[in-house]
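The block underneath contains the structure these notes are about, expressed in structure tokens.
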2 protein chains.
Amino acid sequence: MSKKKQEYVAHITSQEEDFSQWYTDVILKADLVDYSPVKGFMVIKPYGYAIWENIQRELDDRFKATGHKNAYFPLLIPESLLAKEEEHVEGFAPEVAWVTHGGDEKLAERLVVRPTSETIICSMYSKWIQSYRDLPLLYNQWCNVVRWEKSTRPFLRTSEFLWQEGHTAHATQEEAQEETLRMLEVYREFAYNVLAMPVVTGQKTEKEKFAGALSTYTIEALMQDGKALQAGTSHNLAQHFAKVFDIQYLDRDGQLKYVWQTSWGVSTRLIGGIIMVHGDERGLVLPPKVAPIQVVIVPIAMHKEGVLDKAKEIYNILADAGIRVELDDRDTQSPGWKFNEWELKGVPVRLEIGPRDMEKNQVVLVRRDNMEKTFAAISGLEETTLGIIEEVQKGLLDKAIKMRDERTTSAKDMATFKEGVNRGFVKAMWCGSRECEDAIKDETGATTRCIPFDEEQIDDKCICCGEKAKHMVYFAKAY
Amino acid sequence: MSKKKQEYVAHITSQEEDFSQWYTDVILKADLVDYSPVKGFMVIKPYGYAIWENIQRELDDRFKATGHKNAYFPLLIPESLLAKEEEHVEGFAPEVAWVTHGGDEKLAERLVVRPTSETIICSMYSKWIQSYRDLPLLYNQWCNVVRWEKSTRPFLRTSEFLWQEGHTAHATQEEAQEETLRMLEVYREFAYNVLAMPVVTGQKTEKEKFAGALSTYTIEALMQDGKALQAGTSHNLAQHFAKVFDIQYLDRDGQLKYVWQTSWGVSTRLIGGIIMVHGDERGLVLPPKVAPIQVVIVPIAMHKEGVLDKAKEIYNILADAGIRVELDDRDTQSPGWKFNEWELKGVPVRLEIGPRDMEKNQVVLVRRDNMEKTFAAISGLEETTLGIIEEVQKGLLDKAIKMRDERTTSAKDMATFKEGVNRGFVKAMWCGSRECEDAIKDETGATTRCIPFDEEQIDDKCICCGEKAKHMVYFAKAY
């Protein structure tokens with residue numbers, strides 16, 4: 001390691017030493033985010049926001065391919081609307097921001113800044129849905145929401161965040177359940193193939209489900225510190241909201257019936273997940289599919305004749321191939337310094353070009369994920385580079401699967417369980433009672449993350465009370 | 001006009017009879033928007049939101065091509081920050097929504113829901129900008145803002161709207177002025193070439209400028225009822241915010257200097273403009289570049305063998321050519337009913353295909369802007385259709401230029417002026433005093449829209465007071 005690199009990287013706390021401080025160092029130094037003058041609210045800087053734009057594009061395509069359309073609903077929701085669904089208001093009222101005045105006037109009714117939009121959307125659906133011909137209604141909204149949080153961390157838990165929330169209405173219970181699982185699958189596939197994040201999927205327990213839902217499904221990702229991150233949820237709302245908002249349709253049989261609904265969302269929290277799944281001691285490691293810059297070109301001995309021209313030529317070749325490429329032609333920094341900076345910023349591939357490479361009509365490609373070096377001929381460079389980008393994407397997923405699997409254990413007793421949840425997911429049996437769920441949390445700090453679709457039979461009795469087991473659950477300490 | 005059409009179109013008030021009611025009828029019946037349970041807040045329905053998505057894509061490409069990057073800043077701004085720039089707080093405080101409580105707790109300091117983000121952004125810039133190397137800083141934000149309006153109309157003036165706000169910082173006064181005008185030109189070119197909206201550009205008077213700016217530039221569009229719509233603004237903020245937020249940089253010469261700033265924005269208001277510039281008695285007319293659906297295929301005698309298959313084949317041909325196309329294969333509605341509905345929704349081109357067309361290997365294309373009919377061979381259909389789409393785009397701009405020019409007059413006396421502002425823009429001379437500006441407004445209802453870059457010499461004295469004229473101004477009644 002060169003002296004320059006040491007100086008530079010020295011600013012990042014080691015993951016092993018203090019993972020939490022490493023996270024903070026990385027998000028600030030990689031210029032993803034900054035703290036704002038409003039407690040608990042973050043500023044998403046251009047490099048962080050560009051990741052979100054890529055996430056949006058990938059997800060939006062998938063939503064539209066599954067028949068959904070985007071719409072936009074008001075930011076502010078009257079208190080009386082929020083209060084209509086009992087479980088919902090209980091869940092959200094303690095964490096909303098209240099608007100009490102407009103200009104100089106006190107409002108007749110307080111408004112909440114949306115913490116989620118079920119209530120305002122349902123109030124519109126009850127007007128829009130009249131007949132079975134209006135169903136299914138498949139809408140999505142990209143927006144900001146506010147949830148007043150006491151303890152916040154950029155991306156992971158902030159008082160305001162950006163997200164999408166899908167809200168659908170269906171004629172039958174079966175269709176609503178299908179939609180709930182369809183969107184969970186969209187999230188799962190997206191997490192694997194775009195974020196290289198091998199999530200575990202399954203159902204939330206009663207305690208952990210969304211306030212107002214019949215059932216909540218989740219994608220759960222495992223971070224490198226062994227903690228889980230709930231990365232996306234899909235809710236079957238049944239007729240809970242339809243009944244209180246009176247969303248009825250006239251069916252083919254001439255009967256008025258309540259619709260069946262779903263809602264589902266992911267947020268900027270995903271960016272926190274990407275960082276903690278893939279990052280390393282050098283900083284960020286970004287999956288190519290969401291990386292704002294996929295390839296950075298660093299010219300070597302830039303002052304030498306022809307180097308910069310060649311670098312620009314290569315820039316054009318790669319940009320024309322649809323690669324998100326940047327040429328770092330700053331003359332204020334040395335190549336070594338630049339290497340470190342772009343490693344910190346997680347750019348998947350570095351391309352070096354200098355006088356000696358030019359003689360051989362080649363460039364050097366360095367993968368960020370494993371630091372592997374390849375010499376590549378300039379002729380055919382776009383294919384070689386696209387191939388390496390794809391390999392990085394795949395390499396990250398493989399590595400993350402390995403990490404997840406190594407950190408996933410089974411437990412039949414609490415001693416093993418406690419050891420396991422210090423490292424990652426623990427699969428264990430549960431009787432289904434809230435008492436045991438609470439007791440396990442109190443004793444170990446771990447919560448039920450989900451009941452997977454394929455439950456293994458780890459044991460026949462509950463790990464906590466020893467009574468007959470009902471479910472296999474993924475437990476973990478969680479963000 | 002068939003009976004069906006009469007029945008259908010009968011629901012839309014005639015433009016001549018009541019333009020304002022026509023507007024309301026169109027936006028509701030074309031399914032662009034709906035009223036929400038929160039007074040002054042609208043719901044943007046999928047068909048309306050898709051127009052906004054197209055606007056966003058076109059503008060975002062232009063912002064990025066001119067070197068800007070997107071970021072995201074907090075929704076809520078502390079009262080003390082808003083209050084820092086004197087003119088700014090005076091302008092905005094009367095129309096902001098106040099957040100006073102978070103969860104159950106009263107906040108130590110009230111927060112405003114952003115009406116615009118200069119203050120919160122400047123508070124960050126003062127931290128981020130240290131050296132001349134950090135300049136220019138060229139950021140943009142896509143977001144929602146809230147301005148508490150007493151009297152609202154969907155798209156034109158609502159208490160919440162969606163927009164983009166660019167915020168830049170520069171080393172010199174000249175660069176800031178260049179940026180201000182560069183972005184005005186981006187807006188002008190976009191209005192002409194994408195929205196087919198021939199805007200007039202120029203500078204706002206002191207009275208009409210942005211609260212806190214040194215100078216404001218504007219694009220002003222003329223509606224078919226003769227009223228003007230401020231469609232976008234670009235502000236030179238000089239050092240007004242830099243000084244109160246202490247945004248200084250160390251220049252090459254070793255001196256600490258305040259930055260020079262700009263901000264610029266357009267909003268969902270543009271959609272209101274599109275409607276009122278292009279719409280007609282049949283309803284919406286959308287410029288192809290922002291139309292959610294550019295071509296709608298309506299099969300004739302759909303039950304006849306092969307028709308629907310042929311329609312699907314054509315759908316695939318057009319979709320593959322990158323055209324936004326929809327096949328209306330509903331069997332619950334007649335072709336005539338569908339024609340009317342798609343005309344109401346402003347789809348630029350209708351494609352009809354029936355058994356007789358199939359025999360001749362042709363289709364019928366009908367332009368929405370002038371209802372012109374073309375028979376087009378199925379072979380080579382994608383080129384023909386793309387050509388017609390382009391013609392509609394051009395036709396709309398030509399028509400709108402004609403309309404604007406016919407409605408633009410010059411006046412040397414108040415009688416002519418009053419007549420003119422009932423029809424559209426009036427070019428007239430002004431002494432530059434606030435008194436005359438106010439008097440003209442009181443007497444005629446018209447406001448100064450802008451001082452154009454090329455001022456014609458209509459007269460040598462002010463139309464109001466008769467004193468020496470300083471500027472030629474575009475006057476109009478405005479939304």
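The values are calculated or read from the model by the stated rules, or taken from the named source; none is laboratory data. Note that the coordinates shown come from a computational prediction; the quantities given were computed from them, not determined experimentally. All Cβ positions, even for glycine, are placed from backbone atoms using ideal geometry, and neighbour counts span all protein chains on display.
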I need the full set of residues from the range B:235-262 which are assigned to a loop (DSSP other than H, G, I, E, B) and either acidic (Asp, Glu) or over 32 Å from the mean Cα position of the chain (by Cα) (or both), in order please. B:Asp246, B:Asp251, B:Arg252, B:Asp253, B:Gly254, B:Gln255
Restricting attention to the range B:62-85, does a residue exist that is within 27 Å of B:Gly336 (Cβ to Cβ), touching a residue at least 60 places away in the same chain (Cβ under 8 Å) and not assigned by TED's automatic domain parsing to the domain that holds B:Gly346? no
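Name the one entry in A:Asp104, A:Asp60 that is over 30 Å from the mean Cα position of the chain (by Cα) and either of a type outside the set (Ser, Thr, Tyr) or facing chain B (nearest Cβ under 7 Å) (or both).
A:Asp104
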Members of the range B:410-432 that are under 19 Å from B:Tyr479 (Cα atoms) and in contact with a Lys or Arg (Cβ under 7 Å, 6 or more places away or on another chain): B:Val421, B:Arg423, B:Gly424, B:Phe425
One residue is enough: does the range A:30-39 have a residue meeting the conditions out of contact with any Ser or Thr (no Cβ under 7 Å at 6 or more places or on another chain), among the small types (Gly, Ala, Ser) and either within 13 Å of another protein chain (Cβ to nearest Cβ) or more than 24 Å from A:Leu222 (Cβ to Cβ) (or both)? yes
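Among the residues of the range B:141-153, which ones are touching a helix residue (DSSP H, G or I) at 6+ places or on another chain (Cβ under 6 Å) and more than 12 Å from chain A (Cβ to nearest Cβ)?
Residues satisfying the conditions do not exist here.
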Regarding B:Thr409, is this residue crowded, with 20+ Cβ neighbours inside 10 Å and touching a strand residue (DSSP E or B) at 6+ places or on another chain (Cβ under 9 Å)? no
When you look at A:Glu372, is it touching a strand residue (DSSP E or B) at 6+ places or on another chain (Cβ under 9 Å) and surrounded by fewer than 14 Cβ atoms within 10 Å (Cβ to Cβ), yes or no? yes
So which residues in the range B:107-140 are under 25 Å from A:Arg114 (Cβ atoms) and more than 9 Å from chain A (Cβ to nearest Cβ)? B:Ala108, B:Glu109, B:Val112, B:Arg114, B:Pro115, B:Thr116, B:Ser117, B:Glu118, B:Thr119, B:Asn140
Exactly one condition in (1) among the small types (Gly, Ala, Ser); (2) touching a Phe, Trp or Tyr at 6+ places or on another chain (Cβ under 8 Å); (3) modelled with pLDDT under 95 is not met by A:Ala71; state its number. (3)
Would you call B:Lys304 in a loop (DSSP other than H, G, I, E, B), surrounded by fewer than 19 Cβ atoms within 10 Å (Cβ to Cβ), assigned by TED's automatic domain parsing to the domain that holds B:Asp31 and on the phi < 0 side of the Ramachandran plot? no
Boolean, A:Leu162 is at pLDDT 95 or above and in contact with a Gly (Cβ under 9 Å, 6 or more places away or on another chain): no
Which of the following residues is touching a strand residue (DSSP E or B) at 6+ places or on another chain (Cβ under 7 Å) and crowded, with 21+ Cβ neighbours inside 10 Å: A:Ile44, A:Ile51? A:Ile44
Inter-residue pairs, beta-carbon under 7 Å, first surrounded by fewer than 20 Cβ atoms within 10 Å (Cβ to Cβ) and in the range A:188-212, second in a loop (DSSP other than H, G, I, E, B), 6+ apart: A:Tyr192/A:Pro198
Single unsatisfied condition, B:Lys345 versus (1) farther than 23 Å from B:Ile271 by Cβ; (2) crowded, with 21+ Cβ neighbours inside 10 Å: (1)
Of all residues making up the range B:239-266, the number that are touching a residue at least 60 places away in the same chain (Cβ under 8 Å) and of a type in the set (Lys, Arg): 2
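For the subset of the range B:69-101 comprising residues that are among the β-branched types (Val, Ile, Thr) and within 11 Å of chain A (Cβ to nearest Cβ), which member is surrounded by the most Cβ atoms within 10 Å (Cβ to Cβ)?
Among those residues, the one meeting the criterion is B:Ile77.
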